[in-house]
Amino acid sequence: MNFSPCSSSTIVASFFRLKKQHCFGILYRMAKDIKILGAGCDKCNRLYNATVEAVRSTGMDAEVSKVSDISEIIALGVMTTPAMVINGHTIIAGRVPSLDEIKQLIADAP
């Protein structure tokens, strides 16, 4: 058998390099940027409040923000409000889903 010489410090360094990459991969998948788009109507506020409640009750790592600037909403490619955009992807537009559906949409979002 041929063994290549390898010091213990090389093995330990390789282990931590792999561990670090694995941890960053998990953090990337978990953190979500959620934007609720709308001009401030009742439906928009209900979607925002329900989304905040869904994130809070599930303990997801997510940041929820409101976008009410019409030019920014149009720039995101949304023509019907209220809308939910997660990590740049429009998930839902034109209606307020149930709390359970919001939880599922957030969990399944890219």
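Here, each number is a calculation from the coordinates, and none is a lab measurement. Values in this document were obtained by computation on a predicted structure and should not be read as measured data. Ideal geometry is used to build each Cβ from the backbone, glycine not excepted, and the neighbour counts take in all protein chains shown.
Points worth noting:
- Normalised convex hull volume, the range 32-108, alpha-carbon set, Å³ per residue: 70
- Charge dipole (the range 32-108, unit charges on Cβ, about Cα centre) - positive-most of 68, 57, 104: 68
- The H on the amide N of residue 66, modeled in the peptide plane, is under 5 Å from the matching H of 36, each at least 5 residues off or on a different chain.
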